[in-house]
Amino acid sequence: MKKSFKILAVVLALVLVGTVFAACGKKAEKEPESKSNTETSLKTVTNGKLTMATESTFPPYEYMEGKDIVGIDVEIAQLIAKKLGLELVVVDTEFKSIIPGVQSGKYDMGMAGMTVDAERLKDADFSSSYAKGVQVVIVKDGGAVNSIDDIKGKKIGVQEATTGDIYASDDFGEDAVIRYENGAVAIEALKSGKVDCVIIDKEPAKSFVAANEGLKILDTSYADEDYAICFKKGNAELKNAVDKALVELINEGEVKKIIDKYIPA
Ligand code: ARG
């Protein structure tokens with residue numbers, strides 16, 4: 001009697017251990033599959049590194065904190081790289097060099113609060129959109145521009161090659177537009193009276209206005225847009241892999257969490 005109990009206990013224990021092992025085995029097998037099967041097969045990425053080009057004077061999407069580039073785009077890109085089993089490398093460059101650099105293969109992707117627009121779609125492919133952008137007008141308190149209607153005939157500062165530049169040049173003519181290397185320099189030009197307003201994206205505009213006395217954002221916004229990640233035209237392999245990871249992060253609520261952290265409602 002006792003002996004058969006012992007045998008039963010041993011058998012049960014073995015079954016239990018077996019089940020646990022089987023479960024572990026299944027889990028280990030399943031994980032890479034659910035991560036994304038692109039992890040080991042991304043041929044277009046060098047040495048497991050995902051190189052992202054950005055322009056770091058665009059808070060809260062990307063800005064310098066000490067020696068590091070931080071912000072919404074960097075955090076989202078980090079999670080994408082993690083999902084793909086890649087190491088993220090962030091490269092800071094001029095905004096106008098991002099698409100050419102992606103086209104030439106210097107960077108794997110560009111992520112810089114970049115708006116999807118028809119012209120850019122001719123030169124690059126874009127991921128799904130992960131955020132909304134709005135072009136706004138920054139003016140000096142008591143300056144010459146107090147509404148969008150006042151802009152005509154005035155000097156407009158923009159960051160070169162941005163949608164602010166493209167729209168302002170279309171609407172008010174090339175001669176009215178003065179292009180600066182980045183938003184911060186355009187703001188200096190507004191402060192010193194070289195331009196009468198600056199057309200730029202709303203979130204960086206809020207930071208610039210908060211950091212500089214005597215500036216304000218006009219109530220009427222100038223244009224609505226979608227931000228997305230750009231890729232070399234035709235690099236479907238990388239675009240699809242990144243897009244899949246990005247859409248997962250959007251569905252998991254991770255993207256919203258990051259955006260809400262930097263842009264409190
Ligand atoms: N959304 C605008 C565009 O795509 C401005 C982006 C500027 N981004 C930056 N990181 N400086 O043209």
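When Ile166 is tested against (1) surrounded by fewer than 16 Cβ atoms within 10 Å (Cβ to Cβ); (2) within 25 Å of Ala131 (Cα to Cα), just one condition goes unmet, and that condition is (1).
Total residues in the stretch 117-152 satisfying the condition of being under 14 Å from Ile99 (Cα atoms), of a type in the set (Asp, Glu), in contact with a strand residue (DSSP E or B) (Cβ under 8 Å, 6 or more places away or on another chain) and outside any strand (DSSP E or B): the figure is 1. If only residues of the stretch 192-210 that are over 12 Å from Tyr222 (Cβ atoms) and crowded, with 16+ Cβ neighbours inside 10 Å are counted, the one that is farthest from the ligand (Cβ to nearest atom) is Asp196. Looking for something of a type in the set (A, V, I, L, M, F, W, C), open to solvent by 50 Å² or more (accessible area, probe 1.4 Å) and within 13 Å of the ligand (Cβ to nearest atom) - is there at least one such residue anywhere in the stretch 181-189? Taking every residue of the stretch 181-189 in turn, at least one turns out to be of a type in the set (A, V, I, L, M, F, W, C), open to solvent by 50 Å² or more (accessible area, probe 1.4 Å) and within 13 Å of the ligand (Cβ to nearest atom).
Restricting attention to the stretch 96-116 and to residues that are open to solvent by 20 Å² or more (accessible area, probe 1.4 Å), within 12 Å of the ligand (Cβ to nearest atom) and touching a residue at least 60 places away in the same chain (Cβ under 8 Å), the residue that is nearest to Ala184 (Cα to Cα) turns out to be Lys96. Against the definition (closer than 23 Å to Asp224 by Cα, within 17 Å of the chain's Cα centre (by Cα) and away from the ligand (no atom under 13 Å from the Cβ)), how does Ile138 come out, yes or no? So Ile138 fails the test. Note on the stretch 213-234: residues that are part of a loop (DSSP other than H, G, I, E, B) and either within 30 Å of Pro100 (Cα to Cα) or modelled with pLDDT under 95 (or both) total 6. Note on the stretch 60-95: among residues that are within 12 Å of Gly113 (Cβ to Cβ) and hydroxyl-bearing (Ser, Thr, Tyr), the one that is farthest from the ligand (Cβ to nearest atom) is Tyr63. Ala144 passes every criterion in (1) within 12 Å of the ligand (Cβ to nearest atom); (2) more than 27 Å from the chain's Cα centre (by Cα) apart from (1). Suppose the filter is at negative phi and either within 12 Å of the ligand (Cβ to nearest atom) or in contact with a Gly (Cβ under 6 Å, 6 or more places away or on another chain) (or both); does Ile229 pass it? Judged against the criteria, Ile229 is a match. Flag: Lys256 matches the condition of being out of contact with any helix residue (DSSP H, G or I) (no Cβ under 6 Å at 6 or more places or on another chain), at pLDDT 95 or above and open to solvent by 30 Å² or more (accessible area, probe 1.4 Å).
Applying a threshold of 8 Å to beta carbon distances and a minimum spacing of six or more residues, or different chains, the list of pairs starting in the stretch 126-140 at a residue that is closer than 13 Å to Ala168 by Cα and of a type in the set (S, T, N, Q) and ending at one that is away from the ligand (no atom under 11 Å from the Cβ) and not in a strand (DSSP E or B) reads Gln135/Ser221; Gln135/Tyr222.
Pull up the stretch 177-195, narrow it to residues that are under 14 Å from Leu215 (Cβ atoms) and outside any loop (DSSP other than H, G, I, E, B), then point me to the one that is nearest to the chain's Cα centre (by Cα). The extreme case among them is Gly183.
The values are calculated or read from the model by the stated rules, or taken from the named source; none is laboratory data. Please read all numbers here as calculations on a predicted model, not as lab measurements. Cβ coordinates were reconstructed from backbone atoms using ideal geometry, including for glycine residues, and neighbour counts include every protein chain displayed. These accessible areas exclude ligands, DNA and RNA; they are computed on the full protein's heavy atoms, side chains included. Shrake-Rupley method; radii C 1.70, N 1.55, O 1.52, S 1.80 Å.
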